[in-house]
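The values are calculated or read from the model by the stated rules, or taken from the named source; none is laboratory data. Everything numeric in this text was worked out from a predicted model, so none of it was measured. Cβ atoms come from the backbone with ideal geometry, glycine included; neighbour counts cover every protein chain shown.
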Amino acid sequence: MSHPSPDDRTQSQGFQTLRGALADHEPDEGPYFAYSASLRIFGNQLDLDEITQQIQLTPTHHHRKGERRTPHATAYIHDHWAYQPHVPEDQPLAIHIDALWAHIKHATTYLRALKQIATVDVFLGYRSNIDHAGVEVPATSLTMFVELAIPFGISIIITD
């Protein structure tokens, strides 16, 4: 019967990523998880001031079609209005979703009508340096997606 050697990390300590196991080396930083939820509205010739007034929130980001982030950047291809609630990124995704819904729920009718002339969605972000973890969202946190009749999708980014 063989025994693992003391320096066999796959047996003694394990790896936090598949990449680490394949390379037999893990980065020095510990595991982290970051989440976000943002309401996004984009289209052409949008009245961004009206959106702000109707939703009664100051956007955390907005730009006009043709503007540039920097002088050498590509011009934006549409008008864009976005709102992300102030929730620490290490809080679970459900907390981000619920905070966003609490801020925009009163504007449900307006947002549904706005979908006739603009794209209205919710961007959900999940970022981690762990490549074999998952995220769970309770059914109660899915109400916003049903009420706004928008798809539930998560952008997943695994960093080194």
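Of note:
- Entry remark, region 139-157: residues being surrounded by 13 or more Cβ atoms within 10 Å (Cβ to Cβ) and of a type outside the set (Ser, Thr, Tyr) number 9 in total.
Quick grid of which residues meet (1) among the polar types (S, T, N, Q); (2) over 19 Å from residue 119 (Cα atoms); (3) in contact with an Asp or Glu (Cβ under 6 Å, 6 or more places away or on another chain):
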| site | (1), (2), (3) |
| --- | --- |
| 63 | no, no, no |
| 70 | yes, yes, no |
| 91 | yes, yes, no |
| 94 | no, yes, no |
| 98 | no, yes, no |
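- With respect to the conditions (1) part of a helix (DSSP H, G or I); (2) in contact with a helix residue (DSSP H, G or I) (Cβ under 8 Å, 6 or more places away or on another chain); (3) among the small types (Gly, Ala, Ser); (4) at pLDDT 90 or above, residue 36 lacks only one, and its number is (1).
- Note on region 122-138: residues that are surrounded by fewer than 17 Cβ atoms within 10 Å (Cβ to Cβ) and either within 30 Å of residue 47 (Cα to Cα) or of a type in the set (Ser, Thr, Tyr) (or both) amount to 1.
- Restricting 100, 148, 114 to residues that are over 17 Å from the mean Cα position of the chain (by Cα) and closer than 15 Å to residue 38 by Cβ narrows the list to 148.
- Residue match in region 103-111 (condition: farther than 22 Å from residue 47 by Cα, modelled with pLDDT of 95 or more and either of a type in the set (S, T, N, Q) or surrounded by fewer than 18 Cβ atoms within 10 Å (Cβ to Cβ) (or both)): no
- Only listed residue being of a type in the set (Gly, Ala, Ser), assigned to a helix (DSSP H, G or I), modelled with pLDDT under 95 and farther than 22 Å from residue 143 by Cα, chosen from 20, 14: 20
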